[in-house]
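Enquirer: Please see the structure below; I have some questions.
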Ligand SMILES: Cc1cc2nc3c(=O)[nH]c(=O)nc-3n(C[C@H](O)[C@H](O)[C@H](O)COP(=O)(O)OP(=O)(O)OC[C@H]3O[C@@H](n4cnc5c(N)ncnc54)[C@H](O)[C@@H]3O)c2cc1C
C-alpha cells in the first residue's frame with residue numbers, strides 16, 4: 001500500500017456511488033490531486049445492494065436535467081472505463097389506480113414534456129402489452145417513459161471509480177476518516193486512522209454516515225438511515241427478457257426484471273428508521289434481518305397484481321439501510337458554517353440515478369466556486385441544525401420514505417415532527433380557525449375557517465386534491481378582504497438580519513444591485529446577484545440609522561442569505577451581520593383601508609406625507625411601539641408592523657379587537673401567494689434563483705448600474721447586467737392568465753407558444769380578484785425579438801395533457817401601474 005500523502009487539493013470521504021461520481025467529475029475538470037478515502041471497501045455501504053432503477057423525471061426541471069445526465073453517462077461509461085454499468089433503457093410504466101393518481105401522472109407527463117423528457121400516456125391495453133405479467137384490474141391509466149432504464153448499481157460506482165483512478169485520482173480503501181480539521185471558519189484537512197491529510201476542500205459523501213461525518217466539523221446534517229426492502233423471486237422462463245420497470249405507486253410497489261427473476265421493491269407508508277444510536281462499526285456489505293411481517297401487506301397486493309410472483313418462490317428477501325432526509329431531497333453544496341467543506345449525502349433511495357448529475361454539479365461547484373446552475377432544491381443551505389435532532393428526524397424519515405410513492409397533492413403537509421417553531425401569535429390565530437402549514441419548522445397559517453365555523457368549534461382540516469379544494473373559498477375571502485378592505489397576516493417567521501458597523505453601507509452597496517445609500521428610514525427592495533447576474537437573494541433592506549440596516553428575507557432562505565452576506569464581508573470591513581429573526585415578530589396589516597384603520601389606533605401621523613411608500617417610522621400602538629414599514633408583498637396599501645417578540649400577542653389582540661368593525665380578516669399564506677401572483681411579484685426558489693438573470697426576471701428596475709462605486713468596488717454582478725443589456729435578453733418572465741375560470745394552476749405546467757412547448761410555469765395559483773388562474777413562467781425569445789412580438793403569439797398552458805387558452809403579459813394583470821401601492 002502506498003504511503004498516505006500528507007497534503008492534497010481535495011479529500012472525498014466515502015466510496016459509494018456518490019463519492020465515486022464526485023471523484024470522476026473532479027478528474028474530468030482537471031483536478032487530479034484528489035484523495036478518496038473509504039473506511040471499508042468501495043460500494044460496501046448502501047450502493048452495492050440498490051435496485052438500480054434509473055428514472056429521468058424528477059419534480060423540477062433542473063433535478064430532471066441531472067437525472068437525465070446520469071442516464072446518458074451510464075450508457076457510455078463502459079466505453080471509457082472498461083467497466084460495464086449494466087445500464088439498459090428498458091423504459092418504465094407507472095399505473096394509476098385512482099382518479100387522483102391519474103391526474104398526477106398526467107400532470108407529470110405534461111411536466112416531463114416541458115422538461116424535454118420523452119413520455120406517452122398509454123392505454124391500459126398498451127400497458128398490458130408492454131408488461132404482460134401484470135393484472136390490470138382496477139388500472140385507470142398509465143404513463144410510459146421509454147428512455148428510463150435500469151443498471152447494476154455497484155458497477156455504476158466502480159465504473160466511475162475506474163474513470164477517476166485512470167485520470168490520476170487516488171482511492172484508498174480500509175482507511176477511515178476520524179476527524180475533520182477546521183480553522184477560522186475554513187476546512188484544513190482530515191484526520192485518518194493513518195495520520196493527517198491537509199486539504200483546502202473536503203467533501204462529505206459518507207451516505208448514511210453523513211450526519212456523523214458532518215459532526216466532525218460541527219455541522220448538523222438532517223439525515224437518518226431507514227430499512228429499505230425488496231424481494232427477488234425464483235427465476236422463470238415465463239418472465240420476458242425485456243420488461244420495462246413497473247411502478248404501482250398506489251400499492252407502494254415497483255417491479256423490475258432482474259436476470260430472469262422479478263424484483264419487487266416497496267415504499268411502505270410507515271418506514272422503519274435503523275441504527276438510531278449509531279451505525280455498527282463493522283458494517284460492510286451488511287444486510288439487515290428480514291422483516292416479513294412488515295413487508296407482508298405489500299407482498300400480498302403484489303401477488304394479486306402479478307400472479308406469477310405468487311407462484312414463484314422467493315429466492316431472496318433483502319433488507320438494507322438507506323439514508324433519508326427530512327424533506328426527501330438530498331443535500332448538496334458547501335455548508336454555510338465551514339468554507340471548503342462540501343456535502344453530497346442523504347439520497348432518499350435515488351442515489352444511483354442521481355449520482356451522475358449530482359457528482360457533475362458538485363464538481364463544477366467546487367472547481368468554479370459557485371453552483372453551476374440553480375440547485376436550490378437540494379442546496380444544503382436550506383437545512384437548519386435543529387432538523388438533525390433525533391426527536392425531529394427519526395419520526396420524520398419514518399414518514400418521508402413512504403411519501404415518495406404517496407399522492408403528491410399541492411400544499412400537502414408533513415404529518416410528523418410538527419409544532420417545532422411558533423409565532424408568538426400562534427394560539428390567537430389557532431383560536432381563529434387557522435389551518436397551519438410548515439416551512440423551516442415554522443407553523444404558519446395557510447388559511448382560516450370563517451369566524452362562525454371557528455366559533456362553533458369546527459377544526460380546520462386538510463383537503464388534499466388535484467381538483468378544486470374546499471379551502472380556496474376561505475382563501476378567496478381572505479384574498480378579497482385584502483383587496484377591498486383590510487386583512488392581517490402574521491409574517492413573524494421572516495428571516496431578519498441586522499447589518500451594523502461603520503462599513504455596513506459599503507458592504508451592502510457591494511452585495512446589493514439596488515442603491516442602499518439612502519437616508520435612514522428608507523426601505524429598498526433589492527436582489528443580491530452573483531457574477532453571472534443570477535439572483536442569489538431577493539430581500540428588502542431598511543436603513544435604520546447611518547450605521548445599521550435590517551435585511552428582511554423569507555424564513556426558508558435565512559441561512560443561505562446570511563452565509564452569502566457573511567462571505568462578502570471582507571476582513572478589513574468594520575461590519576457585522578447577525579441573525580435577529582427571533583427578536584422581532586411581524587404583523588402585516590394590508591388593504592385599501594389599512595391606513596384609515598391603523599390611523600384610528602395610533603396618535604402618530606401615518607398619512608402618505610408622513611409615512612410614504614418604502615419608508616418606515618416607529619408608531620405607538622396599544623402599549624407597544626411598533627416599527628411600521630410601508631411595504632407590501634400583496635400589491636395593496638399596507639404596513640408591516642415589527643415589534644419585539646414579547647409584544648406580539650398584545651399587538652395582535654389590539655389589532656384584532658379594533659379590527660372587528662372594519663371587517664379585518666386574518667389571512668393565510670395561500671391568500672398571500674394568490675395576491676402576489678396577481679401582481680406578478682416574484683418568489684425566490686420558484687420564479688427567481690441563482691441561474692435567473694435579474695434582467696430576464698424583469699427586475700431591472702431594482703438594479704442601479706450607475707450608483708456610486710463603493711469602498712469595496714462595484715456591486716457583484718454589475719458587469720453581467722451591463723453585458724446582458726448590450727446583448728439582449730434570451731428569455732423573459734411573463735405572467736399568464738387562463739381563459740377558463742374553472743381551471744386551476746399549481747406550477748410546473750407546460751407553456752405552449754404557437755402550438756409548441758417552450759417552457760413551464762414557475763408559479764401558478766388562482767387570482768381571486770381576476771377570477772381566473774394565473775401563473776408566471778419564462779419564455780425564450782429569439783435574438784432581437786421585441787416584447788410586442790412575443791405577446792402577439794398564441795399561448796396555452798398544458799394542464800394534465802389538456803391545453804387551456806391563456807393570455808400573456810409583461811406588466812401584471814392586476815393593477816399594472818402600481819397605483820394601489822402608492823395609496
Ligand atoms: C433496497 C434499496 C434499493 C435501492 N434502489 C435504488 C434504485 O433503484 N435507484 C436508485 O437511484 N437508488 C436506489 N437506492 C438508493 C441508493 O442505493 C443510495 O442512494 C446510494 O447508494 C447512496 O450512495 P452513497 O454514496 O451516498 O452512500 P454509500 O453507498 O453508503 O457510500 C458511503 C460510503 O462512505 C463510507 N464512509 C462512511 N463514513 C466514512 C468515514 N468516516 N471514512 C471513510 N469512509 C466512510 C462508507 O463506508 C460507504 O461506503 C436503493 C437503496 C436501497 C437500500
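One line per residue, one yes/no per condition, for (1) away from the ligand (no atom under 15 Å from the Cβ); (2) within 25 Å of residue 386 (Cα to Cα):
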residue: 207; (1), (2): no, yes
residue: 210; (1), (2): no, yes
residue: 216; (1), (2): no, yes
residue: 232; (1), (2): no, no
residue: 239; (1), (2): yes, no
residue: 246; (1), (2): no, no
residue: 252; (1), (2): no, no
residue: 282; (1), (2): no, no
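Enquirer: Would you be able to say whether some residue in region 38-53 is outside any loop (DSSP other than H, G, I, E, B) and more than 22 Å from residue 228 (Cβ to Cβ)?
Expert: No; the residues of region 38-53 include none that is outside any loop (DSSP other than H, G, I, E, B) and more than 22 Å from residue 228 (Cβ to Cβ).
Enquirer: A further question on this structure: Restricting attention to region 257-266, does a residue exist that is closer than 30 Å to residue 212 by Cβ and either under 33 Å from the mean Cα position of the chain (by Cα) or in a strand (DSSP E or B) (or both)?
Expert: Scanning region 257-266, I find at least one residue that is closer than 30 Å to residue 212 by Cβ and either under 33 Å from the mean Cα position of the chain (by Cα) or in a strand (DSSP E or B) (or both), so the answer is yes.
Enquirer: Sticking with this one: Within region 677-694, take every residue that is surrounded by fewer than 22 Cβ atoms within 10 Å (Cβ to Cβ) and out of contact with any strand residue (DSSP E or B) (no Cβ under 8 Å at 6 or more places or on another chain) and give me the one that is nearest to residue 790 (Cα to Cα).
Expert: Ranking the qualifying residues of region 677-694, first place goes to 681.
Enquirer: Sort through 6, 14 and tell me the only one that's on the phi > 0 side of the Ramachandran plot and in contact (Cβ under 8 Å) with a residue 40 or more places away in the chain.
Expert: 14
Enquirer: Evaluate region 202-218: report whether one residue or more is out of contact with any helix residue (DSSP H, G or I) (no Cβ under 9 Å at 6 or more places or on another chain), surrounded by fewer than 17 Cβ atoms within 10 Å (Cβ to Cβ) and at positive phi.
Expert: Yes, there is a match, as at least one residue in region 202-218 is out of contact with any helix residue (DSSP H, G or I) (no Cβ under 9 Å at 6 or more places or on another chain), surrounded by fewer than 17 Cβ atoms within 10 Å (Cβ to Cβ) and at positive phi.
Enquirer: Checking the condition in contact with a strand residue (DSSP E or B) (Cβ under 9 Å, 6 or more places away or on another chain), under 30 Å from residue 531 (Cβ atoms), crowded, with 18+ Cβ neighbours inside 10 Å and in contact (Cβ under 8 Å) with a residue 40 or more places away in the chain, which residue from 799, 758, 721 passes?
Expert: When all the criteria are applied, what remains is 721.
Enquirer: Can you confirm whether residue 412 is under 18 Å from the mean Cα position of the chain (by Cα) and over 24 Å from residue 534 (Cβ atoms)?
Expert: It is true that residue 412 is under 18 Å from the mean Cα position of the chain (by Cα) and over 24 Å from residue 534 (Cβ atoms).
Enquirer: Scanning for something crowded, with 20+ Cβ neighbours inside 10 Å, away from the ligand (no atom under 12 Å from the Cβ) and closer than 18 Å to residue 127 by Cβ, does region 54-70 turn up at least one residue?
Expert: Yes - at least one qualifying residue is present in region 54-70.
Enquirer: OK, next. Quick test for you: out of 656, 637, 641, pick the one residue that is crowded, with 16+ Cβ neighbours inside 10 Å and farther than 30 Å from residue 813 by Cβ.
Expert: 656
Enquirer: Turning to a different aspect of this structure: Out of 332, 401, report the one residue that is within 13 Å of the ligand (Cβ to nearest atom), out of contact with any helix residue (DSSP H, G or I) (no Cβ under 9 Å at 6 or more places or on another chain) and either under 29 Å from residue 421 (Cβ atoms) or modelled with pLDDT under 95 (or both).
Expert: 401
Enquirer: Does residue 369 qualify as being surrounded by fewer than 24 Cβ atoms within 10 Å (Cβ to Cβ), more than 16 Å from the ligand (Cβ to nearest atom) and on the phi > 0 side of the Ramachandran plot?
Expert: yes
Enquirer: To continue, here is another question. When you scan region 558-670 for helices (runs of 4 or more DSSP H) that lie fully inside it, which ones turn up with 3 or more residues that are more than 31 Å from the chain's Cα centre (by Cα)?
Expert: 594-599, 648-659
Enquirer: Just to be sure, is residue 362 within 29 Å of residue 48 (Cα to Cα) and assigned to a helix (DSSP H, G or I)?
Expert: Taking the combined requirement at face value, the residue satisfies it.
Enquirer: A further question on this structure: Right, residue 324: touching a strand residue (DSSP E or B) at 6+ places or on another chain (Cβ under 8 Å) and more than 10 Å from the ligand (Cβ to nearest atom) or not?
Expert: No: the conditions fail for residue 324.
Enquirer: Read through the list (1) within 13 Å of the ligand (Cβ to nearest atom); (2) closer than 30 Å to residue 284 by Cα; (3) over 22 Å from the mean Cα position of the chain (by Cα); (4) crowded, with 21+ Cβ neighbours inside 10 Å, then give the number of the only condition that residue 25 fails.
Expert: Condition not satisfied by residue 25: (1).
Enquirer: While we're looking at this one, here's another question. Examine region 445-454 for a residue that is more than 17 Å from residue 475 (Cβ to Cβ) and at pLDDT 90 or above, and state whether such a residue exists.
Expert: The answer is no; no qualifying residue exists.
Enquirer: Can you report the number of residues in region 678-704 which are on the phi > 0 side of the Ramachandran plot and more than 16 Å from the chain's Cα centre (by Cα)?
Expert: 2
Enquirer: While we're here: Taking the condition out of contact with any helix residue (DSSP H, G or I) (no Cβ under 7 Å at 6 or more places or on another chain) and more than 15 Å from the ligand (Cβ to nearest atom), does residue 260 pass?
Expert: yes
Enquirer: Taking region 336-359 on its own, how many of its residues are outside any loop (DSSP other than H, G, I, E, B) and more than 16 Å from the ligand (Cβ to nearest atom)?
Expert: Residues flagged as outside any loop (DSSP other than H, G, I, E, B) and more than 16 Å from the ligand (Cβ to nearest atom) within region 336-359 amount to 1.
Enquirer: Output the residues belonging to region 228-242 that are in a loop (DSSP other than H, G, I, E, B) and within 37 Å of the chain's Cα centre (by Cα).
Expert: 242
The values are calculated or read from the model by the stated rules, or taken from the named source; none is laboratory data. In this text the structure is predicted, and so the values were computed from the model without any measurement. No Cβ is skipped: glycine too gets one built from the backbone with ideal geometry, and neighbour counts run over all protein chains shown.
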